[in-house]
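First up is the structure itself, then whatever we jot down about it.
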Amino acid sequence: MTVRVRIAPSPTGDPHVGTAYIALFNLIFARHFKGTFILRIEDTDQSRSRPEYEKNIFNALRWTGIEWDEGPDVGGPYGPYRQSERTEIYQKYAYELLEKGKAYKCFATAEELAEMREVAAAEGRRAGYDRRYRNLSPAEVKEREEKGQPFVIRLKVPLTGDCVYDDAIKGRITSPWADIDDQVLLKSDGFPTYHLANVVDDYLMKITHVIRGDEWMSSTPKHILLYESFGWTAPTFMHMPLLLGKDGKKLSKRKNPTSIFYFRDSGFLPEALLNFLTLMGYSMPDDKEIYSLEEIIETFDPKRIGISGAFFDIQKLHWVNQKKIIETIPEDQLWNRLVDWQFNEEFMRRLMPLAHTRIKTFGDFMQLCSFFFINDLPITPELLCPKNTPPELISFLIQSIIWSLDEQEDWSGAALEKASHEVADLFAIHHKKVMIPVLFACVMGKLQGPPLFNSVTLLGKDRTRVRLMNAIQALGGISNKKMDQLKKGWDKRDVKHLLADQG
Ligand code: GLU
């Protein structure tokens, strides 16, 4: 058997370290077993997928040094490798399941579904859909279709018994079918859901091992049932331990730096990031912690993959990075590497207009602009709270700025300018006297410097986001409860009740 593995990222956000982590183990597996590593873009979520996110996935993975053998940008014998270009294929297979009696047309309206969910919640059932269209007679189906009623195609999930499979990492997994709804396979607009597209593609692309994060385990029984329903052999499933944040929950961009570009822009070495990511899911013999990609490929043993989640410990990443600098960059190469990173012509040319009129001597330059070149800013609650504004209010302002920029899907200086006015108005605080100093403090660690908004454009989205998050942490953080209240207030653009607490 020739090993064929794949990653299947969805281009719906910034390129996540979790994608690099899973890609890396797929790559190692493929190279060790002399197989093929495929990148497939799962862009069936039309409302959230963006071509620029797809490009960022390619660029970010390539920066880490991960290369794939088949994919949308490199081609290959099983293309197209972008799901939005394969819609007809999924339709054909959904109808095949209908023919076989393994799936059915469901005419439930949005209101009906909402009502079913309420009933299920009240009865404490996990599955929300009551299968009311599962047993319509052919005549009833025909009648509804003739009336032009929209429908989805759903999979017939067994009503009793368990799905049992052997995960090559986690061992035997048993999950009761009763917990699983009749899954939608094809939506009323003719687009497939993740489950259908994922299984059809893994089959057609001859994937032998599905190596993915264990957050997908709840989908696996549905996938196994699809393979059975089509009469296909399922691939081997290998669910990797999840990357966890300090709070023990899935690493999320709300609380942690997660964009691969953040690590690039902060001056981490790609080989250190990869080495560190392998440590999250794997242990080398003798507990060796610093090694090359070639070394792990050579000696790889799937049995050494961990079972439970791994803490994404950024201090450890710093340690790995330092070791890699010492081991892989000779002294006489260090300057070249720094130049590649940020001390280069392109960056400096963009920076000069911000410095030009603001230095009395060249010796002032670093003092003015050091915040572009350092990771840990000297921020303190005093610095972040102009005019004795309560720290909690300041953290609300900063969090709202993050949401505004995310909503705008734009983290440029211009977007920040818009966000800062919006947030200042909403919280009824002085834009110039409060909002602006707060932003200077977050971004530069000081109250004066080069123009704020241009600096943010140059600093880039990923470092700006992390600086805003770090400032919130420096102010003591926002509790989950407060965060929910704030988010609700933000969504309605009504935060008065939160301000009342401020006294
Ligand atoms: N599209 C899914 C993702 O975003 C793929 C999950 C899988 O590997 O099956 O990661």
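The values are calculated or read from the model by the stated rules, or taken from the named source; none is laboratory data. Just so it is clear, the model here is predicted, and its values are computed rather than measured. Virtual Cβ from ideal backbone geometry, glycine too; neighbours counted across all protein chains shown. Quick note on the areas: whole protein, heavy atoms, side chains included, nothing else; ligands and nucleic acids left out. Shrake-Rupley method; radii C 1.70, N 1.55, O 1.52, S 1.80 Å.
Descriptive notes on the structure:
- Averaging 1/r over each pair of different alpha-carbon atoms in segment 185-269 and inverting the result gives 15.4 Å, the Kirkwood hydrodynamic radius.
- Proximal lysines relative to Lys250, as straight alpha-carbon distance under 25 Å, when same-chain residues fewer than 8 apart are discounted: Lys55, Lys170, Lys222, Lys303, Lys316, Lys461, Lys481, Lys482, Lys487, Lys488
- Note on the chain: helix-only mean residue ellipticity at 222 nm, from DSSP H runs of 4+ residues weighted -39500 (n - 2.57) and normalised by residue number, equals -14500 deg cm²/dmol.
- D_trans [Stokes-Einstein, Kirkwood Rh over alpha-carbon pairs] for the chain, 10 °C, 1.306 mPa s, µm² s⁻¹: 62 µm²/s
- Counting all C-alpha pairs of segment 128-287, share separated by more than 30 Å (%): 36 percent
- For segment 54-105 and segment 324-403, distance of Cα centres in Å: 40 Å
- Taken over the alpha carbons of segment 363-486 as equal point scatterers, the Debye sum produces base-10 log I(q)/I(0) values at 0.18 Å⁻¹ of -0.91.
- P(r), alpha carbons of segment 4-76 - 5 Å bins starting at zero, rounded %: 3, 18, 29, 26, 15, 6, 2, 0
- Ligands, DNA and RNA left out, the accessible area of segment 113-184 computed with a 1.4 Å probe is 50% carbon and sulfur.
- The trypsin sites (Lys or Arg not before Pro) of segment 308-390 that DSSP puts in a loop, and whose beta carbon has at most 10 other beta carbons within 10 Å, are Lys360.
- Accessible surface, per residue, of segment 185-271 when the full set of protein chains is kept, probe 1.4 Å, Å²: 35 Å²
- Comparing Cα centroids, segment 446-503 and segment 5-34 end up 32 angstrom apart.
- Calculated diffusion of segment 338-397, Stokes-Einstein form, Kirkwood radius summed over Cα pairs, 4 °C and 1.567 mPa s, µm²/s: 92 µm²/s
- Chymotrypsin sites (Phe, Trp or Tyr not before Pro) within segment 214-289: DSSP coil, no more than 16 neighbouring Cβ in 10 Å: Trp232
- Per residue, the Cα convex hull of segment 423-500 amounts to 111 Å³.
- Debye, to nearest 20: dipole size of the chain, +1 on Lys, Arg Cβ, -1 on Asp, Glu Cβ: 780 debye
- Based on Cα atoms of segment 154-211, Rg over Rh with Rh as the Kirkwood radius reads 1.02.
- Calculated on alpha-carbon atoms, Rg and Dmax of segment 237-367 in Å: 19.0, 63
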